[in-house]
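This report concerns only the one structure given below.
The values are calculated or read from the model by the stated rules, or taken from the named source; none is laboratory data. From a predicted model like this one, the values you see are computed outputs, not experimental measurements. Glycine also receives a Cβ, built like all others from the backbone with ideal geometry; neighbour counts cover every protein chain displayed. The area values use the complete protein model at the heavy-atom level, side chains included, leaving out ligands, DNA and RNA. Shrake-Rupley method; radii C 1.70, N 1.55, O 1.52, S 1.80 Å.
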Amino acid sequence: MKRREFINRVGIGATASMVPPTLLSFTPSLFSENRTKPLKIGIVSDVHKDLMPDADKRLEIFINKAIGEKVDFIIQMGDFCFAETKNKGFINIWEQFKGPKYHVLGNHDMDKNSKEEMLDFFGMPKTYYSYDFGGYHFIVLDANFIYQDGKFIDYENSNFYIHDSARTFIDNEQIEWFKADLEATKLPTMVFSHQSLWHYQWGVKNRLTLQKIMEANKEKVICCLNGHNHLDYHHHQNGIDYIEINSMSYQWLSEKFKSTKRFPKEFYDQYGNLPQIGAYKEPLYALATLNPKGTMEIEGVKSTWMSPSPYEMGMEKGIDGMEYSAEISDYKIKFKKR
């Protein structure tokens, strides 16, 4: 089904009662109740094509790795690129992987565009959806909503640059769909979101509602993965594992740690925000393997900072969960087989 036909039939904000959960998949589902072989996933987040001069090269390294490792599918977890003609070449690099490819909308994807424009550019039928693959269930959420005067408002053309208390929400219709979708599946489930479903400062504002839904179904939930914060971190809470996937590219630095020495001089003329980009030398990404015995193993890339690093410039290390690093850690998580 083409995306426009899908939208016309069910609407962008359709609830679970209006459409069966399986219709929210936009690639052919691969069903397998018998998980007899590992499922391998390539994961990348926060590439930020429009801020990074070498974003194309970084993405190409990830795609070549995904192809070489013969992963089953790849997913990017938001803040990928703007929906502009100049970024078609960047999308073409992504398309070099011929297997299934999935997108999560990040807040900065709507800096210059509407969600509708991003859906068209990425080829997504919906901003949130689920799919079954290889005997597992995957849920993608959209936390890019403002909440004002009792109404949920889609992020669009930078309208979310307002007081933090009014942004980063998941709308009620989506929460109802999420609950129904998670309760309906019998498969071990991974939940993807751009913004964190646990983080106490930068997470989804109404995250407690989603946490309660997951905790009531925790025997199904393998873990939650998010980007957005450009952090490498694992948090376990009430039976649910939450893993922060670091940015492929950089950490945003305060004025105190600005530098024009990390990239060639000509790039600073083209990219106005580049002095505040604390870039990683090598691109970061992760390969996650779901094993039939009930374990998920994440293999992360370890890099170093482009010099001068923020720590070379005197930045103090943050408190637990806020420490910037140029790496993605390795993890091994056990989950119940069903």
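Using a Gaussian network for the chain with springs between C-alpha atoms less than 10 Å apart, which of these wobbles most: 159, 113, 92?
Of 159, 113, 92, the Gaussian network model singles out 92 as fluctuating most.
If only Cα atoms are counted, what is the Rg of the range 88-185, and what is its Dmax, in Å?
15.1, 45
When the accessible area of the chain is computed with all protein chains present and a 1.4 Å probe, what percentage of it is carbon and sulfur?
50
Antiparallel DSSP bridges in the range 176-294: what percent, to the nearest 5?
Counting DSSP beta bridges with both partners in the range 176-294, the antiparallel share is about 50 percent.
Modelled label-to-label distance, residue 57 and residue 157, 7 Å Cα→beta-carbon offset: nm?
3.6
Which residues among the range 112-139 fall inside the zone where the amide N is under 18 Å from a point 7 Å beyond the Cα of residue 37, along Cα→Cβ?
Residues 133-136 fall inside that zone.
Give me the number: length gained by fully extending residue 86 to residue 291, i.e. 0.36 nm times residue separation minus the C-alpha to C-alpha distance, one decimal in nm. Before the final figure, lay out the partial values.
Values: separation 205, 0.36 × 205 = 73.80 nm, distance 3.98 nm.
Gain on extension, residue 86 to residue 291, equals 69.8 nm.
Which FRET efficiency, nearest 0.05, do residue 120 and residue 96 yield, Cβ-Cβ r, R0 25 Å?
Efficiency, from the Cβ-Cβ distance: 0.75.
Run the numbers on the chain and let me know its relative contact order in percent, using alpha-carbon pairs under 8 Å that are six or more apart.
About 18 percent, as a whole number.
Could you check what % of the DSSP bridge pairs in the chain are antiparallel, to the nearest 5?
About 65 percent, rounded to the nearest 5.
Here are some values of Rg/Rh (Cα atoms, Kirkwood Rh): (i) 1.02; (ii) 0.98; (iii) 0.94. Which one was computed from this structure?
Given (i) 1.02; (ii) 0.98; (iii) 0.94, the structure-derived one carries the label (iii).
For a protection proxy built on the mean count of beta-carbon atoms within 10 angstrom, sort 225-236, 61-72 highest first, please.
In decreasing order of mean packing, 225-236, 61-72 become 225-236, 61-72.
Once label points are set 7 Å from the Cα along Cα→Cβ at both residue 312 and residue 186, what is their separation, rounded to one decimal in nm?
Going from the residue 312 label point to the residue 186 one covers 5.7 nm.
As a quick test, which of the pairs 151/205; 70/336; 115/186; 212/302; 98/218 have an alpha carbon distance above 22 angstrom in this structure?
Over 22 Å Cα-Cα: 70/336; 115/186; 212/302; 98/218.
Keeping all protein chains in place, calculate the accessible area per residue for the chain (probe 1.4 angstrom), answer in Å².
I get 43 Å² per residue for this part.
Hey, in the GNM for the chain with a 10 angstrom Cα cutoff, which one of 259, 325, 249 fluctuates hardest?
Highest fluctuation among the options: 259.
Could you tally the net charge around residue 86, taking each other residue with its Cβ under 12 Å from the Cβ of residue 86, Lys/Arg +1 and Asp/Glu -1? Intermediate values should be presented prior to the final figure.
Numbers: positive: 49, 88, 112; negative: 50, 56, 84.
Result for the neighbourhood of residue 86: 0.
Within 10 Å, count the other beta carbons around each residue, average over each peptide in 93-99, 269-275, and list them highest first.
Packing proxy ranking, top to bottom: 93-99, 269-275.
7 Å from Cα along Cα→Cβ at both residue 319 and residue 67: what's the point-to-point distance in nm?
Each label point lies 7 Å from its Cα, and together they span 4.6 nm.
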